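Below: one structure, written as structure tokens.
The values are calculated or read from the model by the stated rules, or taken from the named source; none is laboratory data. Keep in mind the model is a prediction, meaning the values are calculated, not measured. Here the Cβ positions follow ideal geometry from the backbone for every residue, glycine too, while neighbour counts run over all protein chains shown. Keep in mind that these areas ignore ligands, DNA and RNA; they rest on the heavy atoms of the full protein, side chains included. Shrake-Rupley method; radii C 1.70, N 1.55, O 1.52, S 1.80 Å.
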Amino acid sequence: GSEGGSGMTVRNAMLMPGQVLFLHFTGYESIPAFNALCEVVSKKYVPNIRDPRSAVPYGMKFVKIDRHVQEAMRDFARSKVS
């Protein structure tokens, strides 16, 4: 994840790019748990899916997220680059 979005694998093969979802993210190190409004921006093609509950990798863009969480993500990313 980054301050602009997150990649994730979701057990729902029916999501499509353009959909907007309200998601909960668990905390990680200095980033607190948070909720965000996200837009599905990419979906990885997985061949031979017949079950709608199959796990599929998606790219999500944060549409609305608390500013303090976004700042914590930015600080976390900078600390990993330094």
Next item on the list: Determine whether Val81 is open to solvent by 60 Å² or more (accessible area, probe 1.4 Å) and at pLDDT 95 or above.
Entry: no
Notebook entry, point to check: Scanning for something among the acidic types (Asp, Glu), at pLDDT below 90 and open to solvent by 70 Å² or more (accessible area, probe 1.4 Å), does the range 59-67 turn up at least one residue?
Noted result: no
Checklist line | Counted residues, the range 41-58 - those being among the polar types (S, T, N, Q) and surrounded by 11 or more Cβ atoms within 10 Å (Cβ to Cβ) | finding: 2
Notebook entry, point to check: Any idea which residue in the range 20-33 is farthest from Val69 (Cα to Cα), counting only those that are surrounded by 13 or more Cβ atoms within 10 Å (Cβ to Cβ) and touching a Ser or Thr at 6+ places or on another chain (Cβ under 9 Å)?
Noted result: Leu23
Next item on the list: State which residue pairs qualify: first residue among the basic types (Lys, Arg) and inside the range 11-34, second residue open to solvent by 40 Å² or more (accessible area, probe 1.4 Å) in any location, beta carbons under 7 Å apart, and separation of 6 or more residues or different chains.
Entry: Arg11/Arg53; Arg11/Ala55
Item checked: First in the range 57-82 and in a strand (DSSP E or B), second anywhere and open to solvent by 90 Å² or more (accessible area, probe 1.4 Å), Cβ under 7 Å, 6 or more apart -> Pro57/Thr9; Pro57/Lys44
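Quick grid of which residues meet (1) modelled with pLDDT of 90 or more; (2) open to solvent by 40 Å² or more (accessible area, probe 1.4 Å); (3) in a strand (DSSP E or B):
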site	(1), (2), (3)
Ser6	no, no, yes
Gly18	yes, yes, no
Asn35	yes, yes, yes
Glu39	yes, yes, yes
